[in-house]
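The values are calculated or read from the model by the stated rules, or taken from the named source; none is laboratory data. As the structure is a prediction and not an experimental result, all values here were calculated from the model. Every residue, glycine as well, gets a Cβ built from its backbone with ideal geometry; the counts of neighbours run over all protein chains shown. Surface accessibility is based on the protein's heavy atoms, side chains included, excluding ligands, DNA and RNA. Shrake-Rupley method; radii C 1.70, N 1.55, O 1.52, S 1.80 Å.
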Amino acid sequence: MSFEDIVIPVLNASDRALYVLLAVDIGVFLLSRRRTRHPERRGYGLKDTATNMTLNIANGFILRVTEVLGGAAMVILAAAVTPLHWQPGGWGWLLAILLADLAYYWEHRTAHRVRLFWATHSVHHSSEHFNLSTANRLGLIGAMDLLGQLWYVPMALLGVPVYSILIAKAITLVYQIPLHTERVHRLWAPIEYLFNTPSHHRVHHGANNPYLDKNFGGVFMIWDRMFGTYAPELERVEFGLTRQIGTHNPLKVYTHEIRSLISDVRSATNWRDRAGYLFGPPGWQPRPTPINLTEIARPTGDAEPRMT
């Protein structure tokens, strides 16, 4: 039996498994919240969870279409023009997953550092809770859905088959779903060093320093350690955004950053500032207009006083 014969059924069943795991986790939380030994944990909120699952249902209709029309088409085109071709098997699948995880690292890092992409990805980070339902809190459509798979084009150019790229990426994404939990503290040290864990992913969702823009890896933490974006969980993590959105309305949750971005672009007075708002990091602002001290010092009336 081949690797894909084993993995594909598991990936297809992952959605159903998530719902079962989510129901069990919510039930345990409700039964134990009065006697919890960890009062600092936020657990589940009714409105927050309802918002997350509403966005998940909407994603089922929209997100897959935008991914196919955008990113997958670019990967397919790259695979069609490359002269290189190889079939993953055995260790080849491990290499494919490593390459896909590296591509995901840069896709994910771009989503945080380019505001056009952050406008969609910020939806996932906007919850002040951190639980299994948070994994479903995703933007519906946006630049990342259409362009995110650009980072996987090099894999196709190296000859990795399209189906292998898509399977490897799916493994990277599904792996992260159960990481959205406060129940697991830390795992065995070698696992914490090599792999993404609940502790590492809590850091990634942190809105407080030193956690901002850290731990972008999907399956592995080696990329963050290599590229200087790793941070351990040392103090309590404050979940959400640096400026909380204060709403559970699914439409407002999805559009809050998009509306803010449009407002900033419309207020810009030149193309440089418009490009800065779109492609600069979140929080980018135009340089203030320098003050002309000569104009301030210049007298506005007659140079010499009038004689009366």
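The residue that is surrounded by the most Cβ atoms within 10 Å (Cβ to Cβ), counting only those in the stretch 248-261 that are among the hydroxyl-bearing types (S, T, Y) and within 17 Å of the chain's Cα centre (by Cα), is Y254. When the residues of the stretch 262-281 are narrowed to those that are in a helix (DSSP H, G or I) and open to solvent by less than 30 Å² (accessible area, probe 1.4 Å), which ends up farthest from A111 (Cα to Cα)? Selected residue: D273.
Mind checking which residues of the stretch 195-217 are open to solvent by less than 50 Å² (accessible area, probe 1.4 Å), part of a loop (DSSP other than H, G, I, E, B) and hydrophobic (A, V, I, L, M, F, W, C)? A207, F216, listed by residue number.
Residue-wise test of (1) of a type in the set (S, T, N, Q); (2) modelled with pLDDT under 75; (3) not in a helix (DSSP H, G or I).
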{"site": "R16", "(1), (2), (3)": "no, no, no"}
{"site": "F29", "(1), (2), (3)": "no, no, no"}
{"site": "G60", "(1), (2), (3)": "no, yes, no"}
{"site": "P83", "(1), (2), (3)": "no, no, yes"}
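Condition check ((1) part of a loop (DSSP other than H, G, I, E, B); (2) hydrophobic (A, V, I, L, M, F, W, C); (3) modelled with pLDDT under 90) across all residues:
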position	(1), (2), (3)
L94	no, yes, no
I97	no, yes, no
L102	no, yes, no
H112	no, no, no
A119	no, yes, no
S133	no, no, no
L138	yes, yes, yes
L146	no, yes, yes
V153	no, yes, no
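For the stretch 33-52, the criterion of being at pLDDT below 80 and touching a Lys or Arg at 6+ places or on another chain (Cβ under 7 Å) is met by at least one residue. Figure legend. Inter-residue proximity from the stretch 19-39: first residues over 15 Å from V184 (Cβ atoms) and aromatic (F, W, Y), second residues surrounded by fewer than 11 Cβ atoms within 10 Å (Cβ to Cβ) and modelled with pLDDT under 90, beta-carbon distance below 6 Å, spacing 6+ or different chains. No pairs are indicated.
Which of the residues spanning the stretch 218-247 are part of a loop (DSSP other than H, G, I, E, B), touching a helix residue (DSSP H, G or I) at 6+ places or on another chain (Cβ under 8 Å) and open to solvent by 60 Å² or more (accessible area, probe 1.4 Å)? Correct list: Y230 only.
Set side by side, the residues R186, R259 differ, and just one is among the basic types (K, R), under 27 Å from L22 (Cβ atoms) and not in a strand (DSSP E or B), which is R186. Pairs are defined by a Cβ separation below 9 Å, a sequence spacing of at least 6 or placement on different chains, a first member in the stretch 258-283 that is more than 21 Å from I245 (Cα to Cα), and a second member that is of a type in the set (D, E); the pairs so defined are S267/D273; D273/D264; R274/D264.
Among all residues of the stretch 68-76, there is none that is at pLDDT 90 or above, open to solvent by 80 Å² or more (accessible area, probe 1.4 Å) and not aromatic (F, W, Y). If you check H185 against the conditions, is it farther than 27 Å from P88 by Cα and either in contact (Cβ under 8 Å) with a residue 24 or more places away in the chain or buried (at least 16 other Cβ atoms within 10 Å of the Cβ) (or both)? Taking the combined requirement at face value, the residue does not satisfy it.
When the stretch 168-214 is limited to residues that are of a type in the set (G, A, S) and over 17 Å from L234 (Cα atoms), the one that is modelled with the lowest pLDDT turns out to be A170.
With respect to being part of a helix (DSSP H, G or I), touching a residue at least 60 places away in the same chain (Cβ under 8 Å) and either open to solvent by 50 Å² or more (accessible area, probe 1.4 Å) or out of contact with any Ser or Thr (no Cβ under 7 Å at 6 or more places or on another chain) (or both), L166 fits the description.
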